[in-house]
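Notes to accompany the following structure.
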Amino acid sequence: MQTKSDKMSNLPRHISIIMDGNGRWASDRGLPRSFGHREGMNRVVDIVEHASKIGVEYLSLYAFSTENWKRPAEEVNALMELLVIYIRNQLNRLHKNGVIINIMGDIDALPNTPKREIIKAVEKTENNKGMTLNLGINYGGRNEIINACKKLYMEIEDNDRSIESIEESDLEKYLYTSSQPDPDLLIRPGAEKRISNFMIYQLAYTEFYFTDILWPDFKAGNLDEAIEEYMRRKRRFGGI
Ligand code: FPP
């Protein structure tokens, strides 16, 4: 595995992960689904640490989608609680490692405790210089684009700009990932082959890596395997 000390590395700068399979991991063991999410949280700890250590600059994790509210209240509550536990247990360590926490999604709709902890984490880490950890929480890609369009529309109205002058960069500055490079690699564990409304604008030229491994079984070595496969691919961005 190449690391940040390897100057020739074509390590992906930005990796996105759809963390899928927690429920099945638990059901396979006759456990409640929340046990799968808890084990999934442990993998978040491992993968964030590993990605930061090997020199990934941006890591985007899909933790809770705008559609996940449809799950039973008990499961939604368990996920909210895990977010709080993750931040309370990991914030000092993340901060020490220079990680910047950036939220993708509308956290205003969250219960008070997770909302408060998330805001604290963002504020504490905002001036760090290490890996940016984008956490998708109450996040939906279509929603992100609509919100960006609304903000761009206001800007155009306020500045009396012509519609013809609008470029991609005008919209991109209103995405949650403004000023970040697009993901180079999307990883989806859990055997499904779809993107589930995750970063649908930013994934335009991203390389996809699907694996049957369930997220609670996804170890640092599996991240390395995905990165190694990515490094063997030829990216053409529509060229030849
Ligand atoms: C999808 O698996 C996973 C989720 C909806 C939640 C992901 C959350 C975590 C990994 C833990 C908390 C996150 C952080 C950042 C602390 P699923 O439940 O849809 O699995 P299934 O397809 O097997 O049912």
- Message: Tell me the relative contact order for the chain as a rounded percent, counting alpha carbon contacts under 8 Å between residues six or more apart.
- Response: 28 percent
- Note on the structure: Placing +1 on each Lys and Arg Cβ and -1 on each Asp and Glu Cβ in the stretch 166-240, then taking the dipole about the Cα centre, the residue among Tyr230, Thr177, Gln202 whose Cα reaches farthest towards the positive end is Tyr230
- Could you order Lys129, Lys115, Lys219 so the one with the most accessible surface comes first? Probe is 1.4 Å. Lys129, Lys219, Lys115
- Item | Theoretical ellipticity at 222 nm over the chain - DSSP helices of four or more residues, -39500 (n - 2.57) apiece, nearest 500 | -14000 deg cm²/dmol
- Query: How far apart, in nm, are two points set 7 Å out from the Cα along the Cα-to-Cβ line at Asn112 and at Asp224?
  - Reply: 4.7 nm
- With labels modelled as points extended 7 Å from the Cα through the Cβ direction, what inter-label distance (nm, one decimal) is found for Lys120 paired with Ser169? 3.9 nm
- Task: For Met231 and Lys150, compute 0.36 nm times the residue count separating them, minus their Cα-Cα distance, and round to one decimal in nm.
- Result: 25.4 nm
- Query: How many nm separate the modelled label positions at Glu192 and Val84, each set 7 Å beyond the Cα in the direction of the Cβ?
  - Reply: 2.7 nm
- What are the lysines whose alpha-carbon lies under 20 Å from the alpha-carbon of Lys96, with same-chain residues fewer than 8 places away excluded? Lys4, Lys53, Lys120, Lys124, Lys129
- Item | Estimated D of the chain in µm² per second, where Rh is the Kirkwood radius over Cα pairs and Stokes-Einstein applies at 10 °C, 1.306 mPa s | 84 µm²/s
- Note on the stretch 133-240: alpha-carbon gyration tensor, axes a ≥ b ≥ c; rule is a/c under 1.5 for rounded, else prolate if a/b larger than b/c, else oblate; result prolate
- Which net charge results for the neighbourhood of Arg194, defined as the other residues with beta-carbon distances under 15 angstrom from its beta-carbon, given Lys and Arg at +1 and Asp and Glu at -1? -1
- Message: On a straight-distance basis, which lysines could pair with Lys70 in a cross-link, Cα separation under 23 angstrom, same-chain partners fewer than 8 positions away excluded?
- Response: Lys115, Lys193
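The values are calculated or read from the model by the stated rules, or taken from the named source; none is laboratory data. None of these values were measured; they are calculated from a predicted model. Quick reminder, even Gly has a Cβ in these numbers, built from the backbone with ideal geometry, and neighbours come from all protein chains shown. Areas reflect the complete protein model, heavy atoms only, side chains present, ligands, DNA and RNA absent. Shrake-Rupley method; radii C 1.70, N 1.55, O 1.52, S 1.80 Å.
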